[in-house]
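Input: a single structure, listed below in structure tokens.
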Amino acid sequence: MDLELNGRVAVVTGGASGIGAACARALIGEGCRVAVWDVAPDSPFQVDVADFDIVKDAVVKTEAALGPVELLVHAAAIGSGKFGFPFTNLEPSDWPRVLDVNIMGAVYVAHAVCPGMAERKRGSMVFLASVAGQIGSQTDPPYSASKAANINFAQCLAKDMAPHGVRVNTVCPGMVKTPLNQSVWRAWNARQPAERQRTYEEWAGEKIRATTPLGRWQAPEDIADTVVFLLSARASQITGQTINVDGGFVMHS
Ligand SMILES: NC(=O)c1ccc[n+]([C@@H]2O[C@H](COP(=O)([O-])OP(=O)(O)OC[C@H]3O[C@@H](n4cnc5c(N)ncnc54)[C@H](O)[C@@H]3O)[C@@H](O)[C@H]2O)c1
């Protein structure tokens with residue numbers, strides 16, 4: 001199957017780690033020229049997506065180096081580092097940074113790349129959200145709320161950008177072994193009495209057996225495969241969709 005991605009210019013936010021890194025590798029494998037935007041100190045484009053001036057500057061620098069941005073994968077996100085169940089285990093002050101990075105980050109990136117895509121009548125975007133944004137997950141309430149907002153905003157974008165021939169979709173992973181996922185376990189484990197503490201593998205294994213029909217973790221590459229397909233010409237009639245890559249955890253009608 002020819003994905004028609006060869007030579008295209010892609011931005012991957014959060015591309016220094018986990019799912020974003022797998023997306024960047026997969027796009028490079030398809031012949032794309034990829035700019036990774038990440039706060040990680042060794043990123044060629046060191047970008048805090050929660051700072052609009054920095055994001056606008058990153059578009060200018062990326063386009064000067066690689067050419068007009070045609071593809072976007074927005075994977076940059078954080079958790080609060082706290083464990084809910086119930087939400088009162090967090091303070092209201094635990095919310096703003098998560099909302100800034102996860103919601104405003106998506107808004108800033110969209111504001112920075114959409115006008116160029118609209119003008120050129122060419123582009124495709126995928127936002128990473130989460131099953132947490134679909135089920136009122138109590139694990140990390142500000143994270144869950146931000147992921148619901150990502151899904152909703154991507155639908156607005158899909159409608160606004162459709163007349164320009166630009167597609168926007170959302171991919172929701174379930175459980176993927178990454179630093180973000182590990183931070184959820186760490187926050188949970190820290191709250192348990194000694195006899196209920198689990199290793200990361202034990203905790204995740206129990207969770208997956210209880211919730212996931214296919215019964216295994218998703219690999220970052222499982223998510224990247226779907227992201228790359230959605231970005232590609234083979235998905236040219238797909239926009240405004242929320243696609244779960246979650247082993248069947250959440251089943252929509
Ligand atoms: N891992 C999972 O189980 C899982 C499940 C559902 C959804 N997701 C979603 O997948 C996406 C990627 O998550 P991951 O698990 O690969 O996480 P990760 O922690 O491995 O990677 C996230 C990356 O985002 C970067 N980042 C964080 N804040 C940033 C900022 N302000 N500006 C720029 N970059 C920033 C980090 O440096 C990191 O490289 C996220 O949107 C997350 O919500 C992950």
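The values are calculated or read from the model by the stated rules, or taken from the named source; none is laboratory data. Source: prediction; values computed, not measured. We place every Cβ from the backbone using ideal geometry, glycine too, and count neighbours over all the protein chains shown. To get the accessible areas, we keep the full protein, side chains included, count just its heavy atoms, and leave off ligands, DNA and RNA. Shrake-Rupley method; radii C 1.70, N 1.55, O 1.52, S 1.80 Å.
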- Name every residue in segment 33-46 that is in contact with a strand residue (DSSP E or B) (Cβ under 9 Å, 6 or more places away or on another chain) and open to solvent by 10 Å² or more (accessible area, probe 1.4 Å), in order of residue number. ARG33, VAL34, VAL36, ASP38, VAL39, ALA40, SER43, PRO44, PHE45, GLN46
- Item | Exclusive hit being surrounded by fewer than 16 Cβ atoms within 10 Å (Cβ to Cβ) and under 21 Å from VAL49 (Cβ atoms), set PRO163, PRO142, PRO115 | PRO115
- Per the filter on segment 1-52, residues part of a loop (DSSP other than H, G, I, E, B), on the phi < 0 side of the Ramachandran plot and of a type in the set (Asp, Glu) are ASP2, GLU30, ASP42, ASP48, ASP51
- Keeping to segment 154-173, report how many residues are within 12 Å of the ligand (Cβ to nearest atom) and either of a type in the set (Lys, Arg) or more than 13 Å from the chain's Cα centre (by Cα) (or both). 0
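Considering only residues of segment 117-148 that are under 22 Å from CYS23 (Cα atoms) and part of a helix (DSSP H, G or I), which is nearest to the chain's Cα centre (by Cα)?
Ranking the qualifying residues of segment 117-148, first place goes to LYS147.
Take ASP225 and decide whether it is among the charged types (D, E, K, R), touching a helix residue (DSSP H, G or I) at 6+ places or on another chain (Cβ under 8 Å) and closer than 30 Å to ASN6 by Cα.
yes
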- Among (1) away from the ligand (no atom under 16 Å from the Cβ); (2) part of a loop (DSSP other than H, G, I, E, B) - the single one THR88 does not satisfy: (2)
- Among the candidates GLY116, GLY123, GLY105, GLY79, which residue alone is farther than 22 Å from LYS159 by Cα and modelled with pLDDT of 95 or more? GLY79
- Message: Restricting to segment 154-181, give me the number of residues that are more than 21 Å from GLY240 (Cβ to Cβ) and in a strand (DSSP E or B).
- Response: 1
- Item | Which numbered condition GLY20 fails, given (1) in contact with a helix residue (DSSP H, G or I) (Cβ under 9 Å, 6 or more places away or on another chain); (2) closer than 30 Å to SER137 by Cα; (3) within 13 Å of the ligand (Cβ to nearest atom); (4) open to solvent by 10 Å² or more (accessible area, probe 1.4 Å) | (4)
- Message: Quick test for you: out of ILE151, ILE238, ILE223, pick the one residue that is assigned to a loop (DSSP other than H, G, I, E, B) and either under 18 Å from ALA75 (Cβ atoms) or more than 11 Å from the ligand (Cβ to nearest atom) (or both).
- Response: ILE238
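For segment 66-76, indicate whether the set of residues that are within 14 Å of the ligand (Cβ to nearest atom) and open to solvent by 50 Å² or more (accessible area, probe 1.4 Å) is non-empty. Show your work before the answer.
Going residue by residue through segment 66-76, those that are within 14 Å of the ligand (Cβ to nearest atom) are 72-76.
Next cut, open to solvent by 50 Å² or more (accessible area, probe 1.4 Å) only: none.
The answer is no, given that none of the residues of segment 66-76 is within 14 Å of the ligand (Cβ to nearest atom) and open to solvent by 50 Å² or more (accessible area, probe 1.4 Å).
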- Selection from segment 40-57 of residues that are touching a Phe, Trp or Tyr at 6+ places or on another chain (Cβ under 8 Å), of a type in the set (A, V, I, L, M, F, W, C) and near the ligand (Cβ under 10 Å from one of its atoms): PHE45, VAL47, VAL49, ALA50, VAL55
- Item | GLU4, sole failed condition from (1) open to solvent by less than 20 Å² (accessible area, probe 1.4 Å); (2) touching a helix residue (DSSP H, G or I) at 6+ places or on another chain (Cβ under 7 Å) | (1)
- Message: Cβ-Cβ under 7 Å, sequence separation 6+ or interchain: first residue in segment 173-194 and free of Cβ contacts under 8 Å to residues at least 24 places away in the same chain, partner part of a loop (DSSP other than H, G, I, E, B) and more than 8 Å from the ligand (Cβ to nearest atom). Which pairs?
- Response: ASN189/GLN197; ASN189/ARG198
